[in-house]
Amino acid sequence: MDSEKLEMRRHILSAAARLLAESSHDKVRVSDVAEAAYVAAPTIYYHFGSLNRLMAEAQDLLYQQISAPLKESLALAELALANRDAETFWDVIGSHLVSAWESGQRGQESGVVKVFTGVLTSADAKSKFDQMIDETFVRWAELINRGKDLGWVVESADTEALIAIFWSSSVGQAFLGGANMHAIVAERVRDAFLQMVRTDYSRTN
């Protein structure tokens with residue numbers, strides 16, 4: 001694919017992702033994307049073949065945009081681990097926990113609900129999403145387990161269960177709206193998590 005076609009494809013995809021962030025998957029039409037991208041409808045079909053394929057890729061892009069800060073945290077924590085820098089490692093983990101929880105609290109505003117609702121209605125999007133989740137989960141598990149090897153993380157902590165519980169709660173609260181759980185501040189969640197897994201927690205707090 002030449003650079004001009006690739007740029008047009010990216011342009012259309014970006015417009016579709018913006019629409020998807022503002023509306024639901026089943027309400028976005030080809031004509032809406034065409035208007036938002038300032039292109040003709042046939043141009044969209046030429047580059048994507050169908051609206052379903054475009055929506056699946058737009059959902060993927062939207063998820064990538066929403067999760068980018070969290071992936072950056074993961075990379076920084078891996079770097080701190082490689083440098084044997086425990087202080088930075090825990091600072092990054094703590095910031096990551098706060099960001100993840102706050103993204104769930106922002107729910108509709110952050111696009112979390114729309115992304116997950118869209119993923120569940122598209123087989124293609126769900127397949128890609130599942131793969132990304134699995135890959136990210138493995139990286140976080142390896143990170144925590146390597147922290148155990150260095151004596152930074154409580155040895156008895158169930159790594160996979162802790163990650164699964166936190167992910168489920170931080171994302172799940174986006175669907176809970178005004179429930180009491182929604183009001184729990186991110187720093188409180190961070191401190192509770194670190195208290196369970198950080199070996200020197202009592203000396204640093």
Applying the selection to the range 37-84, what residues are within 30 Å of Leu150 (Cβ to Cβ) and in contact with a Leu (Cβ under 8 Å, 6 or more places away or on another chain)? Leu74, Ala77, Glu78, Leu81, Arg84
For the range 122-156 the number of residues that are of a type in the set (Phe, Trp, Tyr), surrounded by 15 or more Cβ atoms within 10 Å (Cβ to Cβ) and out of contact with any Ser or Thr (no Cβ under 7 Å at 6 or more places or on another chain) is 2
Pick from Ala77, Ala37, Ala58: which is at pLDDT below 90 and surrounded by 16 or more Cβ atoms within 10 Å (Cβ to Cβ)? Ala58
Among (1) at pLDDT 90 or above; (2) under 19 Å from the mean Cα position of the chain (by Cα); (3) on the phi > 0 side of the Ramachandran plot, which single condition is Glu142 missing? (3)
Suppose we keep only residues that are under 18 Å from the mean Cα position of the chain (by Cα) and of a type in the set (A, V, I, L, M) within the range 80-105. Which one would you say is surrounded by the fewest Cβ atoms within 10 Å (Cβ to Cβ)? Val98
Near pairs, Cβ below 8 angstrom, 6+ apart or cross-chain, from the range 1-29 (on the phi < 0 side of the Ramachandran plot) to any residue that is in a loop (DSSP other than H, G, I, E, B) and modelled with pLDDT of 90 or more: Met8/Val39; His11/Val39; Ile12/Val39
With the first residue restricted to the range 84-98 and required to be small (Gly, Ala, Ser), and the second required to be outside any helix (DSSP H, G or I), Cβ contacts under 7 Å at 6 or more apart or on different chains are Ala86/Trp152
Selection from the range 9-21 of residues that are modelled with pLDDT of 90 or more and of a type in the set (A, V, I, L, M): Ile12, Leu13, Ala15, Ala16
Do we find a residue being at pLDDT below 70, farther than 24 Å from Arg84 by Cβ, surrounded by fewer than 16 Cβ atoms within 10 Å (Cβ to Cβ) and out of contact with any Asp or Glu (no Cβ under 8 Å at 6 or more places or on another chain) anywhere in the range 196-203? no
Yes/no for Gly107 being of a type outside the set (A, V, I, L, M, F, W, C), modelled with pLDDT under 90 and over 30 Å from Met55 (Cβ atoms): no
Residue check: is Ser24 farther than 24 Å from Glu135 by Cα and modelled with pLDDT under 90? yes
Those residues that are touching a Lys or Arg at 6+ places or on another chain (Cβ under 9 Å), modelled with pLDDT under 70 and among the β-branched types (Val, Ile, Thr), I need them from the range 116-137; list them, please. Val119
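The values are calculated or read from the model by the stated rules, or taken from the named source; none is laboratory data. Owing to the predicted nature of the structure, the values given are computational and were not obtained by experimental measurement. When we count neighbours, we look across all protein chains shown, and the Cβ atoms used for this are built from the backbone with ideal geometry, even at glycine.
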